[in-house]
Amino acid sequence: MSSASENTQNDFSRGSIARNILNLAVPMTLAQLINVLYSVVDRIYIGHIPHVSADALTGVGLTLPVITIITAFANLFGMGGAPLCSIARGGHEEKRAEDVMGNSFTMLLATGTILMVLCLAFREPILYLFGASDVTYQYADQYITVYLCGTLFVMTSLGMNNFINAQGFGKMGMLTVLLGAVLNIILDPVLIFGFGLGVRGAAIATVISQGASALWVFRFLTGKKAILKLKKRSMRLQKSIVKEITLLGTSGFVMSVTNGLVQIVCNAVLSRYGGDLYVGIMTVINSVREIINMPLTGLTSGAQPVISYNYGAGCYKRVKEAVRFMSICGIIFSLVVWAVIFFDPRFFMHLFTRESELIQNGIPAMRIYFCGIFMMALQFAGQSTYVALNRPKQAVFFSLFRKVIIVVPLTIFLPMIGGLGTDGVFLAEPVSNVIGGTACFVTMLFTVWPKLGEREEQKKTSV
């Protein structure tokens, strides 16, 4: 199929908004669900290593902030560049769209190299800072040392896959993730148990899998099927483009970095009030949260190219329709998920461990932590709208507001109130969901919504 026919096929200013979003969101949601398998499958297998499962699981949990920070930089340039790419494509500025993609790729490689070197050099003090004990450090070190060697693979596969989706190739983006996930599922038991490599084997499996995904992304974006191609000339850094990408990507970056910050604070406070057992419980809860957040992320990621493209094309009524559809679907899904977790938390605990003490203490903790999950849909919808419409200031503010201004202080101080202890740590999340989600979404309705209506009226008048 020619590039021109693909471009017409992936014209989001035509046809049903719901169909356009779902054509991207369904494969992207599946891709997001599959993506969690990289880390979640590792933790499932590690949680069943004989005799050392609890300590090994806790050790790997301590590496999550490092992995989150790497993901944050992938989001900075991947999620920062993709909406700009979609807006340019909607305005038929193909050369600018390719320049955005090329600049993003260069920045991903450069920052990936720096991160790998720094984290490898300082991994011991970093892991102890994140709450490692002498018992759990060895497992954390085994995992993160290998994982960091594949940093460039992670940056490329996560960051550049956004540009496959931005061009409307949702199924191809899903295959990128599926390839790595299937490899990971196959390699994990072979390396962990078959070769007796334990935690180190899980990390090797992840690196190989991410390497395969990165190669797949690179081959597609330089191949014939891509509408916008990754070219050598577009990789030359342009100051103005890098600035735009960085400003818009800061929202996703802040969300990921602050997730890492929250994990660090939670692990430190839980270690103080509950010991390694509760750090292990938080590892399981974080894994469950990744699973249930992925469909929401897939939905909003599928809606973003459609919103951005129509915004660039001046179809403001369709922009509002896309935001409305995304918000309603997200709210319905999160309500269903909340009910499932509340009534059957044991199922999720059993996915990751058979340790009776961890399960017994983890069930009430999980009910507290997820009791406000339905409000997260509002945060996702508001945040995604700001990013899709190239409004970096609002996107960054609400990223910081929920995590840094609300969650971190509550995580530190709630355990001191009324003897809440570890319950206070888990309670911080639902409180932040209610306050942060409501503030983000309502502000979007009062600031963005009326302006879209005004632009639509101006467009009608000028015609």
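The values are calculated or read from the model by the stated rules, or taken from the named source; none is laboratory data. Since we're looking at a predicted model, the values are computed, not measured. No Cβ is skipped: glycine too gets one built from the backbone with ideal geometry, and neighbour counts run over all protein chains shown. All accessible areas refer to the heavy atoms of the entire protein, side chains included, with ligands and DNA or RNA removed. Shrake-Rupley method; radii C 1.70, N 1.55, O 1.52, S 1.80 Å.
A few remarks follow.
- Of the cross-linked pairs K239/K460; K171/K459; K171/K229; K231/K459; K231/K460, those separated by over 27 Å at the C-alpha level are K239/K460; K171/K459; K231/K459; K231/K460.
- Helix axis angle, 170-189 relative to the chain longest principal axis, alpha carbon, degrees: 20
- The range 180-298, accessible area per residue, ligands and nucleic acids excluded (1.4 Å, Å²): 41
- Pairs of Cα atoms nearer than 8 Å and 6+ residues apart set the relative contact order; for the chain it is 24 percent.
- A simple packing score, the average count of other Cβ atoms within 10 Å per residue, orders the peptides 78-86, 374-382, 243-251, 131-139 as 78-86, 374-382, 243-251, 131-139, with the highest score first.
- With a cut-off of 14 Å on the backbone N, the residues of the range 67-88 near the modelled label site 7 Å out from S13 along Cα-Cβ are 86-88.
- For the range 153-296, the direction-averaged projected area of the alpha-carbon convex hull comes to 11.3 nm².
- Probing with 1.4 Å while keeping every protein chain in the model, the per residue accessible area of the range 309-463 equals 46 Å².
- Local electrostatic count, G436, Cβ distance below 11 Å [Lys/Arg +1, Asp/Glu -1]: +1
- Along its principal axes, the range 106-181 has C-alpha extents of 48, 25, 17 angstrom, given from the largest down.
- Environment charge of Q383, counting only residues whose C-beta is closer than 15 Å and scoring Lys/Arg +1, Asp/Glu -1: +4
- You can think of it this way: the chain between I186 and E357 has 58.6 nm of extra reach, that is 0.36 nm per residue less the Cα-Cα gap.
- Between 0 and 90°, nearest 10: helix 37-46 axis offset from the chain longest Cα axis: 10
- Accessible carbon and sulfur surface of the chain relative to its total accessible area, %, 1.4 Å: 67
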